[in-house]
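Before any comments, here is the structure.
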Amino acid sequence: MSSEANSRVVSDFIGYLKVEKGLAALTVSAYTRDIGQFAAILDRHKRTLINARKEDVRGFIQQLFANSVDGRSVARKLSALRHLYRFLLLDKRIEGDPTLNIPLPKQWKILPKALARDEVESMLMPPAGQATGRFGEALAIRNRAMIEVFYAGALRVSEIISLKIEDVKLEMGYVLVRGKGDKERIVPLGRSAQEALSQYLRDARPGLAAGKSSPWLFVARGARKLSRQRVWQMVGVVSSVAGRHASPHMLRHSCATHMVENGADLRTVQTILGHADISTTQVYTHVALDRLKNVYAKHHPRAKAR
């Protein structure tokens with residue numbers, strides 16, 4: 001009986017999301033799946049979504065963490081439940097919200113995966129003999145330049161494929177990046193990235209463009225714009241050859257991590273990453289604290305005193 005009641009509630013809620021909120025099919029599907037997981041647990045305890053208690057929600061979250069579900073996924077599931085109970089309150093089917101005052105997992109404490117410095121160096125120096133022919137050589141030069149820019153400027157995939165030639169200011173050592181919300185920021189490039197870009201523009205891009213014009217900095221054969229999927233595939237292949245499978249996001253996080261390890265303050269890292277809020281950048285706080293402790297232990301006269 002409880003499973004039938006839960007099914008009716010979920011069906012009404014999904015109808016509300018589609019008609020009133022106009023949410024995308026993928027979002028609706030995710031909400032359905034997340035609420036279904038919670039409903040299944042309630043069903044085992046002979047309870048329904050209508051009479052769920054705060055203890056039920058807490059138990060659900062604790063079980064997710066016990067099963068090693070990551071913080072972002074737990075936060076998404078809790079968000080789905082909050083939307084459900086907001087709907088039920090508005091529809092006057094319940095008198096109290098069982099998700100009220102249940103905090104979100106502290107996602108900023110989850111450190112993104114980063115590569116070690118020697119792993120990045122290996123990606124930038126792939127084994128000789130991999131490229132064959134003029135087109136293969138041009139692709140290898142392009143890919144190396146892209147990885148240099150990824151690591152130098154902590155760019156997102158969407159940002160790197162949207163770079164235009166006019167955005168590159170090599171003589172001044174920076175690129176103009178358009179990030180989320182079409183916000184522009186200036187991202188400095190180190191000497192290695194500048195040299196890789198110069199080589200790409202001189203020796204590789206003309207061959208890839210094959211006489212066709214394109215505003216995009218990094219192009220595929222025939223001056224076509226690169227897709228996000230192709231860039232992810234390229235980074236995966238190059239990193240696997242170098243010894244460890246990586247993603248563009250790992251290069252972005254590696255840049256930020258290595259800067260903090262070398263003493264960069266979080267405000268500077270925030271600017272380079274293009275984070276709107278410093279709280280997003282605080283995921284790197286413990287890296288800064290580790291460095292602070294190491295410097296203190298090395299230089300304070302009483303740090304090692306007994």
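The number of residues in region 49-77 that are within 20 Å of the chain's Cα centre (by Cα) and either assigned to a helix (DSSP H, G or I) or of a type in the set (S, T, N, Q) (or both) comes to 8. The set of residues from region 139-179 being over 21 Å from the mean Cα position of the chain (by Cα) and not aliphatic (A, V, I, L, M) comprises 142, 144, 164, 166, 167, 169, 171, 173, 174.
Answer yes if at least one residue in region 109-117 is modelled with pLDDT of 85 or more, surrounded by fewer than 18 Cβ atoms within 10 Å (Cβ to Cβ), under 23 Å from the mean Cα position of the chain (by Cα) and farther than 22 Å from residue 79 by Cβ, and no otherwise. Checking region 109-117: at least one residue is modelled with pLDDT of 85 or more, surrounded by fewer than 18 Cβ atoms within 10 Å (Cβ to Cβ), under 23 Å from the mean Cα position of the chain (by Cα) and farther than 22 Å from residue 79 by Cβ.
Of all residues in region 242-283, those satisfying the criterion of being outside any helix (DSSP H, G or I) and crowded, with 21+ Cβ neighbours inside 10 Å are 246, 274. Within region 149-183, being open to solvent by 10 Å² or more (accessible area, probe 1.4 Å) and in a helix (DSSP H, G or I) holds for 151, 152, 158, 161, 165, 166, 170, 171, 172, 180, 181, 182. Annotation: residue 186 fulfils all but one of (1) open to solvent by less than 40 Å² (accessible area, probe 1.4 Å); (2) part of a strand (DSSP E or B); the unmet one is (1).
Here residue 219 clears all of (1) out of contact with any Ser or Thr (no Cβ under 7 Å at 6 or more places or on another chain); (2) open to solvent by 80 Å² or more (accessible area, probe 1.4 Å) except the condition numbered (2). Residues that are under 30 Å from residue 113 (Cβ atoms) and of a type outside the set (Gly, Ala, Ser): does region 38-50 have at least one? Yes, some residue in region 38-50 is under 30 Å from residue 113 (Cβ atoms) and of a type outside the set (Gly, Ala, Ser). Here residue 229 passes the criteria (1) part of a helix (DSSP H, G or I); (2) of a type outside the set (Val, Ile, Thr); (3) surrounded by 14 or more Cβ atoms within 10 Å (Cβ to Cβ); (4) within 16 Å of the chain's Cα centre (by Cα) except the one numbered (3).
Output the residues belonging to region 19-36 that are among the basic types (Lys, Arg) and modelled with pLDDT under 75. 21 - this is the single residue of region 19-36 that is among the basic types (Lys, Arg) and modelled with pLDDT under 75. Considered as a group, the residues in region 182-200 that are free of Cβ contacts under 8 Å to residues at least 24 places away in the same chain and under 23 Å from the mean Cα position of the chain (by Cα) include one that is farthest from residue 267 (Cα to Cα), and that residue is 182.
When 60, 13 are checked against the criterion of being open to solvent by less than 70 Å² (accessible area, probe 1.4 Å), closer than 16 Å to residue 98 by Cβ and touching a Ser or Thr at 6+ places or on another chain (Cβ under 9 Å), 13 stands alone in meeting it. Based on this model, can you work out whether residue 138 counts as touching a residue at least 40 places away in the same chain (Cβ under 8 Å) and either in a loop (DSSP other than H, G, I, E, B) or within 20 Å of residue 223 (Cβ to Cβ) (or both)? When the stated conditions are applied, residue 138 passes them.
The values are calculated or read from the model by the stated rules, or taken from the named source; none is laboratory data. In this text the structure is predicted, and so the values were computed from the model without any measurement. Every residue, glycine as well, gets a Cβ built from its backbone with ideal geometry; the counts of neighbours run over all protein chains shown. Side chains included, ligands, DNA and RNA excluded: accessible areas come from the protein's heavy atoms. Shrake-Rupley method; radii C 1.70, N 1.55, O 1.52, S 1.80 Å.
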